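The values are calculated or read from the model by the stated rules, or taken from the named source; none is laboratory data. Owing to the predicted nature of the structure, the values given are computational and were not obtained by experimental measurement. A quick note on method: Cβ atoms are made from the backbone with ideal geometry, for glycine too, and the neighbour counts reach across all protein chains shown. These area figures cover heavy atoms from the full protein model, side chains too; ligands, DNA and RNA do not enter into them. Shrake-Rupley method; radii C 1.70, N 1.55, O 1.52, S 1.80 Å.
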Amino acid sequence: MKSLNELKSLRERLEKGQQLAEKPLRTIIIGMGTCGIAAGARGVLLAIMDELAAKNLSDTAVTQTSCIGMCEKEPLVEVVVEGKSTLYAYVNGEKARRIVLSHIINGEPVTEWSVERALGGRV
Amino acid sequence: MIEAPNKRSAQIDVFVGQPGGMLKALHALQSQSEANFLSPADIKLVASKFGVPVAKVWGTVTFYSLFATTPRGRHIIRVCENAPCHVVGASDILAALEQHLKIRAGGTTTDGLFTLEATSCLGVCGVAPAIMIDSTVYGNLTKEQLPALLAEYRQEAQA
Amino acid sequence: MKYYRAHVLICSGSNCAIKGCQTIKDALVAVLNKHELQSEIKVVDTGCLGWCEQGPSMVIYPEGVMYSRLKNSDMDEIVTEHLLKGRFVHRLMTQSTDTLGLASPLNMTPFFQKQRRVVLKNCGLINPERLEDYIHAGGYTALATALDKYAPEEIIAMVLDAGLRGRGGAGFLTGKKWSYTKAALGEPKYLICNADEGEPGTFKDRLILEGDPHLIVEGMAIAAYAIGASKGIIYVRGEYDLSIKRMEQAVLQARENGILGEGVLGSGFNFDIEVCAGAGAYVCGEETALIESIEGNRGEPRFKPPYPAEKGLWGLPTCVNNVETLANIPAIIENSPTWYRSLGTENSPGTKVFTLTGNITNSGLIEVPMGITLREIIYDIGGGIPQGRRFKMAQTGGTSGGCLAEEHLDLPMDYDSLASHGSSLGSGALLIMDDSHCILDLTHCFLKFFVHESCGKCTPCREGTPALYKLIGKMTAGQGNQDDLELIHRLARTMQDSSLCALGQTAPVPVLSAFRHFWPEVEAHMTGNCLAHKCFSGRGSKHDH
Amino acid sequence: MTIELTINERIVCVAEGSTVLDACAKAGVKIPTLCYHPDQQIKANCRICLVEVSGQRSLQPACAYPAQSGMAVYTSTPRVREARKTILELMLASHPRACLECPRNLKCELQLLANELNISESPFPRYERQVPADLSTPSLKRVPEKCINCRRCVHACLVTQGIGILYTSERGQETVVQTVGREPLGDLSCVLCGQCLQVCPVGAITEIDDTDKVWAALADPKKHTLVQVAPAIRVALGEEFGQDPGGIVTGKLVSALRMLGFDKVFDTDFTADLTIIEEGHEFLERLKEGESLPLITSCSPGWIKFAEHNFPNLLRHLSTCKSPQQMFGALAKTYYAQSSGHNPRDIYVVSVMPCTAKKFEARRPEMQDSVYPDVDVVLTTRELARMLKQAGIVWEALAEEAFDTPLGISTGAGVIFGATGGVMEAALRTVYEVVTGEELGRLDFTAVRGMEGIKEADIEVGKQAIRVGVAHGLQNARLLMEQVERGESPYHFIEIMCCPGGCIGGGGQPIPTTNAIRQKRIAATYLADESMVLRKSHQNPAVTTLYEEFLKRPLGLRSHELLHTHYTPRTK
């Protein structure tokens, strides 16, 4: 049960993180359905958690959702800042770190990785 | 790891009389087996707990593809070979795995680490071609990714 | 059973108790008494609603509105505004994190523009592991309404009026199926949610189970109330690890919060759910085979009659419904059958979830109104065929469905239109294939699935599927002759006509549809020509291991 | 209530609840069947009985489909004929079709059906099931590659006998009836009753053929060959030669055996009478001491093996009497050898039994009390018929002859051993008279007769009220034994027969043996009893002589040596 135990402990960390901030300023939502996990969502989640911890961003909540139907574009990550949402497609660990840096820290969405772009065809 | 029979027997007691209880008991016993299979002792235990003939439990076990009656590797690699994976190159994945592991579908590697099984649709066609290792699904695969993926499991086994 | 017009669920979990739940409850009861509402409104203690950091919380049904961070002084406003005047107290309503709502630019993309999400409305938007997320999204309102406002017969009538047809493949009227089980004698009655999704290319049920498990709990509870079932079982295919875990968790949460168990939502209706895992057998998706499997037997279909409605699980009246079917129920109750009929077509009302797989840009899962054309799905939603290749064919309904060719692109996707072309809507699988594929090679691949999954009970299927597989294999190896063609036709007819269950009856469909729609290509193999250059590459039959 | 429907446009009336198959039979239309068996639940899996039913999209199995008022059924349309032909050809594609080598040649339902449907070969790709044959027991041979998956044997083993050694395993084309772990029957708690082979439509389960051994013995001038025939043979053997069930063929049986070349033709009924004397005294003794009651009969080797596997703690309840077959063998090689002047080493005892488990019983190591095996070889009714045919004996031309003496002398009580309840009835006839010293007025204890699974009767024997129980078929036996196990058995004396109907329904009897045929053989058995001059075992003059000359007294030292045995607890 390699992945599930990992998931569980991650989830515990997540929930702890969520409780710290009563009303998070920023939320990162990761698609954790089977498709997402199969496409590597677990690694993305790890990278995001890692990057947030490294940058000491305790006011950013990380949560999960299931598949929205765009399986082929998984891993999908939604970033919500002040009510504005951006959905990223084909995220991997490296891209995830850059999303944290650019979108969360600098407030600049990485538009070339957004799903609207991806829906036009595989990037 | 072989546990005392009375402990194993107590574990499946809760399933007796439940809907789907026998399958739950068989899943539970198989998941505890190091070699991923149901031994004759397991089958006899389930038969006596559920009050059915052993041959009937055998008939049930051999019917379902997730159960095995002979020892398998520590990790089960299931490769989907149905049409949605087939049209995006599943046969290459299976061939690459066979070549890499030096076994045919249905076989177990000499180190007892992997059993390779060709299987019906895993229901993750959105990320086809896909394989499942134990209960984890890996999708959007190319044959180039396979060696690294298997290496993770090998490292874990050595650790 | 006494009917209350509203139920107030107050959290009495250990966390909230610290924050003064009991005093909140006392304050509420006092206000209710003051307005003489105690006989109309029932206050129910529940387990933790899981919104602990937001302090004492309550949910008011039938609206399913959740209020949190409550103080004693808020009770007056909640009673006078919400319970008396029907106006929500917005300042106390729980905030949620999901924001991918209507305003999202994503909704302007073609992928979403043509979709109509009823069953999938929460999938990918809420956290499926949190009951409160589901509740916040309006969950369990339909159940509360059903228990509160309607008699079981009325629910069945609503589902009949809506014209909902079984989404597992056969398309039988759900309301009719319910009425049979309701009328049958025997106690207890069972409601089984068939989540043994195994049709190649189908994963809609998995997505609903993983993405919105409480929707299934709610749909099942309403169905059970309608047919008079006290026991529910969800049979999930064994490979769906995450689905099993999420469903088990949802059932547990529902039980802890008074949504399942004795007195559902404080009513007199008792219902509980058990989650069962399959063990790897496609045929268990057939309802009687599924029942056999739950009983601990080989998952082999039973001869019908008697039908499960009469003699099902352990010989008792049993209703088996597909996941997607049950997922439609809350929306029908909430929005009315007329609303439901406004979606889809006359004979196939509502929406349908399709799984797009194969050579298509946006493979994945979509929900569209019935009657949308194949072309719209492939080119507008699916983004077309990748790598500049040409569309060749689409298999609808999974492996037991048939293949449609280019000339069928404008066919409306509904039960009847597809049936008239030798295909079926089936489970909603849509496998798109480009012009690099050979129809016979694919047919051979489809048949291999049936060889692997035939249960072995009846002769035509047990012996017929491997024979058909070998005969098609002979053709892909370039060794087929005229006699083989005749034999294939005869075998296909016999299997369709005489197999015990749908598996054997539909196994020849891919062969027959290939012969019907792609005859020149099939015929070319007889003279040693594979137009797609897939066959006879010295490998003989490629799928043999 | 009756309903009216049409079969091929002709009106037929049947009772409500009938199947289409019933209606067709009533209309005089034969529907081919394979998985269907009149004594078993409907399976509808072979699909050979398909017919067209009005309003149904696909063809429907006649065996399972309920006949309904106004229904129109068509049984021989091109569509039906094509489906049946295809299905049978598919079966043949995975069946060895080595008919000449098969014991069921010319009696195989698959072969007969192929003949009826005018099919001589299969155009479908050949499939060979890679499962080895099981030859692990002296009684049964299993050849799974011949199995057509009708599952009649599964039902016989699990439902009729309540054992469940055989069950369907694997799936798809690999589906085959198997034992747990594909273990040989000899390593399992199979009782070798042969009820599975009795219902097998093909040659996938057959008896182990021992006819060659008998031919060899008959040809050996040094051997003095004796044959004993069980009570149930005389009411069944005729069926092997085309006679209707229910005929009594004792006379022809004896002359046929003489024609085969046996030196002496004797009757197991003789030792059946002897069993009643020994077992009757054993019962009276236990009744007096109040020990190990109920006493349970021990004539049926399938039942004995069942008890050893399933109720090892209750073996003390079994009568220590050997079965009549084994008593006969023990006496043949001692008493008869002595009185006839033959060296027991040269005596070769053949028994003709309705039973496959008897082959196992004769091989038990404890069955050699004369130093030699009590019984050398056991033939079933079918094997005997096979030998007669091989010898060119024309059944119709056979004269009627009488058994040799003294081991061929018997009473009606011995004859009824062949039917369920018979041993009990025979015992009661004797026990009553031994205890009371009065003559029984009415001999027939009808309460213990018939096909009901468990029967019981109360009888006053002197001052003692005795309650007896009778069970046949191991499913029923298990119920009585569970009562004994719980200490709740109301009986003093229990008769258990392994096979439904008793020995007349044994695994060695002519095929088919259905419950309807069993009833005819039972009726013939009681007819044979009634026609006897002597009908009580203790009236058998040869038995009296045996005690006077050899055994001295019931339960005496010699009896214990030769006629009684012990049992072995076995694993489940």
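With θ taken as phi - 60° and the Karplus curve 6.51 cos²θ - 1.76 cosθ + 1.60 applied, the whole-hertz 3J(HN,Hα) list for segment C:299-314 is x, 10, x, 9, 6, 10, x, x, 7, x, 4, 8, 9, x, 5, 6 Hz, x standing for glycine and proline. Annotation: Cα Rg of segment B:5-63 relative to the compact-globule expectation 2.2 N^0.38 Å equals 0.99.
Here the Kirkwood formula, the inverse mean of 1/r across different C-alpha pairs, assigns chain D a hydrodynamic radius of 24.9 Å.
Against chain D, whose longest principal axis is taken from its Cα atoms, helix D:474-485 shows a tilt of about 50°.
Chains C and D together bury some 2900 Å² of accessible area, summed over both sides, with a 1.4 Å probe.
Dipole orientation for the protein assembly as shown: of the candidates D:Thr568, D:Val434, B:Thr115, B:Thr115 has the Cα lying most toward the positive pole (charges on Cβ; Lys, Arg +1; Asp, Glu -1).
Once you charge only the Cβ atoms, +1 for Lys and Arg and -1 for Asp and Glu, what is the size of the charge dipole of segment C:221-336 about its Cα centre, to the nearest 20 debye?
On the way: 9 positive and 15 negative charges, 25 e Å.
Taking the Cα centre of segment C:221-336 as origin, the dipole is about 120 debye.
Please compute, for peptide D:148-158, the average count of beta-carbon atoms on other protein chains lying within 10 Å of each residue's beta-carbon.
The per-residue average across the peptide is 2.
Shown here are the Rg and Dmax of the Cα trace of the protein assembly as shown, at 37.0, 118 Å. Inter-chain Cβ neighbour count for B:69-76, averaged per residue, equals 1 (cutoff 10 Å, partner chain atoms only).
Counting only protein heavy atoms, what percent of the accessible surface of chain D is carbon or sulfur at a 1.4 Å probe? Before the final figure, lay out the partial values.
Working: 10620 of 21130 Å².
The computed percentage sits at 50.
The translational diffusion coefficient of segment D:431-572, from Stokes-Einstein at 20 °C and 1.002 mPa s with a Kirkwood hydrodynamic radius over alpha carbon pairs, comes to 119 µm²/s.
For segment C:349-449, the equivalent ellipsoid derived from the alpha-carbon gyration tensor has semi-axes of 19, 16, 12 Å in decreasing order. For the chain pair A and C, the interface hides roughly 2800 square angstrom of accessible area in total, found with a 1.4 Å probe. For segment C:119-341, the solvent-accessible area of protein heavy atoms averages 25 Å² per residue (probe radius 1.4 Å; ligands and nucleic acids excluded).
The fraction of accessible area contributed by carbon and sulfur in segment C:241-377 is 48 percent, rounded to a whole number (1.4 Å probe; ligands and nucleic acids excluded). Note on D:174-182: average number of Cβ atoms from other chains within 10 Å of each residue's Cβ is 6.
Taken per residue, the accessible surface of chain D reaches 37 Å², heavy atoms only and a 1.4 Å probe. Hydrodynamic estimate: the Kirkwood radius of chain C over Cα pairs, inserted into Stokes-Einstein at 37 °C and 0.692 mPa s, corresponds to D of 131 µm²/s. For C:Ile234, the residues whose modelled amide H falls within less than 5 Å of its own, excluding neighbours fewer than 5 places apart on the same chain, are C:Cys193, C:Glu274, C:Val275, C:Cys276. Here's the picture: charge each Lys and Arg Cβ at +1 and each Asp and Glu Cβ at -1 in segment B:5-63, and of B:Ala10, B:Pro53, B:Gly21 the one pushed furthest to the positive end of that dipole is B:Pro53.
How many square angstrom of accessible surface are buried between B and C, both sides summed, with a 1.4 Å probe and rounding to 100? Let's see the in-between values first.
Values: alone 8810 and 21710 Å², together 27210 Å².
The summed interface area works out to 3300 Å².
Over all directions, the projected convex hull of the C-alpha atoms in segment B:75-158 averages 4.8 nm² in area.
Which longest run of chain B has no exposed loop site in it, a site being GluC sites (Glu not before Pro) in a DSSP loop with at most 15 other beta carbons within 10 Å, and the site itself not part of the run?
On the way: sites that count: B:Glu3, B:Glu34.
After excluding every exposed loop site, the longest remaining stretch is B:35-159.
Taking a quarter of the surface of the Cα convex hull of segment D:222-563, what do you get in nm²? Walk me through the numbers before you get to the answer.
Values: hull surface 63.6 nm².
Seen from a random direction, the Cα hull of segment D:222-563 projects 15.9 nm² on average.
Packing-based ranking of C:267-275, A:107-115, D:446-454 yields C:267-275, D:446-454, A:107-115, ordered from highest to lowest mean Cβ neighbour count within 10 Å.
With the highest mean first, a sort of the peptides C:189-196, D:23-30 on other beta-carbon atoms found within 10 angstrom per residue produces C:189-196, D:23-30.
Rounded to the nearest Hz, the phi-derived 3J(HN,Hα) couplings of segment D:552-557 under the Karplus curve 6.51 cos²θ - 1.76 cosθ + 1.60 (θ = phi - 60°) are 6, 8, x, 6, x, 4, where x marks glycine and proline. Ranked by the mean number of other Cβ atoms within 10 Å of their residues, highest first, the peptides C:495-506, D:170-181 come out as C:495-506, D:170-181. Shape analysis of segment D:241-349 places it in the prolate category; the axes a ≥ b ≥ c from the Cα gyration tensor give an a/c of at least 1.5, with a/b above b/c. Pairs with C-alpha atoms separated by more than 25 Å, drawn from the list C:Lys176/C:Lys304; B:Lys24/D:Lys141; B:Lys49/C:Lys177; D:Lys358/D:Lys389; D:Lys288/D:Lys359, are B:Lys24/D:Lys141; B:Lys49/C:Lys177; D:Lys288/D:Lys359. With an a/c value of 1.5 or above and a/b larger than b/c for the gyration tensor axes a ≥ b ≥ c computed over the alpha-carbon atoms, segment C:439-526 is described as prolate. Which of the trypsin sites (Lys or Arg not before Pro) found in segment D:182-283 are in a DSSP loop and have at most 10 neighbouring Cβ atoms, other than their own, within 10 Å? Passing sites in segment D:182-283 are D:Lys222. Loop-located GluC sites (Glu not before Pro) across segment C:323-354 with a Cβ neighbour count of 14 or fewer within 10 Å are C:Glu346, with loop assigned by DSSP. Between segment B:43-59 and segment C:343-390, the alpha-carbon centres lie 47 Å apart. Its DSSP H runs of at least 4 residues, each contributing -39,500 (n - 2.57), put the calculated 222 nm mean residue ellipticity of the protein assembly as shown at -10500 deg cm²/dmol, to the nearest 500.
Using a ≥ b ≥ c from the Cα gyration tensor of segment C:130-228 (square roots of the eigenvalues), is it rounded, prolate or oblate, where a/c under 1.5 gives rounded and otherwise the larger of a/b and b/c decides, a/b for prolate?
Values: a/c = 1.80, a/b = 1.13, b/c = 1.59.
Oblate, since a/c reaches 1.5 and b/c is not below a/b.
Shown here: chain B, whose C-alpha atoms stretch 49, 35, 22 Å along the first, second and third principal axes, sorted largest to smallest.
Which value, in debye to the nearest 20, describes the size of the charge dipole of segment C:198-281 about its Cα centre when Lys and Arg Cβ atoms bear +1, Asp and Glu Cβ atoms bear -1, and nothing else is charged? Show your work: numbers first, answer last.
Details: 7 positive and 12 negative charges, 14 e Å.
About 60 debye.
Of the chymotrypsin sites (Phe, Trp or Tyr not before Pro) found in segment D:473-572, not one falls in a DSSP loop while having at most 10 other beta-carbon atoms within 10 Å. Computed about the Cα centre, the dipole magnitude for the protein assembly as shown is approximately 1020 debye when only Lys and Arg (+1) and Asp and Glu (-1) carry charge, each at its Cβ.
When the charge dipole of segment C:351-434 is built from unit charges on Cβ atoms (+1 for Lys and Arg, -1 for Asp and Glu) and taken about the Cα centre, the candidate among C:Val353, C:Gly382, C:His421 whose Cα reaches farthest toward its positive end is C:Gly382.
Restricting the calculation to Cα atoms, segment D:99-207 yields a radius of gyration followed by a Dmax of 14.1, 42 Å. Burial here means at least 30 square angstrom less accessible surface with every protein chain in place than with the chain by itself, probed at 1.4 Å; in segment B:19-58 the buried residues are B:Pro19, B:Gly20, B:Leu23, B:Lys24, B:His27, B:Pro53, B:Ala55, B:Lys56, B:Trp58.
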